[in-house]
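Student: Before I ask anything, here is the structure I am working with.
Only the coordinates and a few stated rules stand behind these numbers; no lab work does. All values derive from a computational prediction rather than experimental measurement. Here the Cβ positions follow ideal geometry from the backbone for every residue, glycine too, while neighbour counts run over all protein chains shown.
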Amino acid sequence: MIALLDAPFEPAEALKRFEADAVGAGAIVSFSGHVRPQAASGPVTSLYLQAHSPLTERGIEAAADTARERWPLTSLAILHRTGKMAPGEAIVFVATASAHRRAAFEAADYLMDYLKTEAVFWKKETGPRGEAWIEPRGEDYADRRRWG
Amino acid sequence: MAAFLYFGRLMDVAGGHREARTLPASVRDTMSLRAWLDEVHAAPGVFSDPAVRFAINDEIVADAGELADTDEIAVMPPVGGG
């Protein structure tokens, strides 16, 4: 399941649904990313995520296809928020299922590196000092390059 | 008229998310578009920055992708979610 969501969601419930879909898999890996209350520039009161449909969805679908070709996955889920979020809220949920753990770990890691650096989103942090658009860090691009 | 969609920090540069503009006859590819956008938005170097990419009618194009005055042109700074 791949979806962009414009309202809060619970990663724990998403995982429960994924486990039901992935029944029979020997390994299930999940990751959830959350809005940090603190950035390098100071406290964060909200985070805004902008997407551009259908480019955003199409890009995520293509990354999911690459993951399915590269690893023997039996199920895969990607949920990604758009709109305004408060600190602590989930931004992203990625889950992968496979017969064995290595494929599930690596595919989830690969998908997160895609989402951080290539997925068609723009992020704006708001805090007491005002608003700032955030672009990927050097480490994010270095992580992405690990996959060739 | 071409429909422009600006994203991320480029919305602040352009003064909004969406605008319609008539492309001059001299602007028919993304390279000439970059120089023209720098000029119309009085933002030297901002749109000429190769980190800024364009999607024409929902397809990401490399320089110097062709343009028509009827296109929807998405103007996109570096992307990243998660």
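Student: Other chains' Cβ within 10 Å of A:120-127 residues: what's the mean? Let's see the in-between values first.
Tutor: Numbers: counts 9, 6, 11, 5, 4, 0, 0, 0.
Partner Cβ neighbours, averaged per residue: 4.
Student: Next question. About the Cα centre, and with charges only on the beta carbon of Lys, Arg (+1) and Asp, Glu (-1), how big is the dipole of chain B? Nearest 20 debye, please.
Tutor: Details: 6 positive and 13 negative charges, 41 e Å.
Dipole magnitude for chain B comes out near 200 debye.
Student: Tell me the Kirkwood hydrodynamic radius of the protein assembly as shown in angstroms, computed as one over the mean inverse distance between distinct C-alpha pairs.
Tutor: Computed over the protein assembly as shown, the radius equals 19.0 Å.
Student: Then there's this: Please report the relative contact order for region B:2-76, taking Cα pairs under 8 Å with a sequence separation of at least 6, and give it as a percent rounded to a whole number.
Tutor: 41 percent
Student: Other chains' Cβ within 10 Å of B:68-76 residues: what's the mean? Present the calculation step by step, with values, prior to reporting the outcome.
Tutor: On the way: counts 0, 0, 0, 0, 0, 0, 3, 0, 4.
Other-chain Cβ atoms within 10 Å of each residue's Cβ, averaged: 1.
Student: Compute the signed sum of charges (Lys and Arg +1, Asp and Glu -1) over the other residues within less than 10 Å, Cβ to Cβ, of B:Thr30.
Tutor: Its environment carries a net charge of 0.
Student: Chymotrypsin sites (Phe, Trp or Tyr not before Pro), restricted to region A:56-148: which are DSSP loop and have at most 10 other Cβ atoms within 10 Å?
Tutor: Filter output for region A:56-148: empty list.
Student: Further, regarding this structure: Where nothing but the Cβ of Lys and Arg (+1) and of Asp and Glu (-1) is charged, how large is the charge dipole of region A:1-97 around its Cα centre, in debye to the nearest 20?
Tutor: 200 debye
Student: Please build a GNM for chain A, connecting alpha carbons under 10 Å apart, and tell me which residue among A:Ser30, A:Ser41, A:Ser53 fluctuates the most.
Tutor: It is A:Ser41.
Student: About the Cα centre of the protein assembly as shown, how large is the charge dipole given +1 on each Lys and Arg Cβ and -1 on each Asp and Glu Cβ? Please answer in debye to the nearest 20.
Tutor: So the dipole magnitude of the protein assembly as shown works out to roughly 680 debye.
Student: Quote the Stokes-Einstein diffusion coefficient, in whole µm² s⁻¹, for region B:2-76, based on the Kirkwood radius over alpha carbon pairs, a temperature of 10 °C and a viscosity of 1.306 mPa s.
Tutor: Details: Rh = 12.0 Å.
The Stokes-Einstein estimate is 132 µm²/s.
Student: Also: Based on alpha-carbon centroids, what's the gap between region B:27-82 and region A:72-108 in Å, whole number please?
Tutor: Rounded to whole Å, the Cα centres lie 32 Å apart.
Student: Suppose we keep just the DSSP beta bridges with both residues in region B:2-76; what percent of those would be antiparallel, to 5?
Tutor: Approximately 75 percent, going by the DSSP bridge assignments.
Student: Shifting gears a bit: Hey, in the GNM for chain A with a 10 angstrom Cα cutoff, which one of A:Ala14, A:Ala108, A:Ala62 fluctuates hardest?
Tutor: A:Ala62
Student: With loop defined by DSSP as not H, G, I, E or B, and exposure as at most 16 other Cβ atoms within 10 Å, which is the longest segment of chain A clear of exposed trypsin sites (Lys or Arg not before Pro)?
Tutor: Between exposed loop sites, the widest span is A:1-128.
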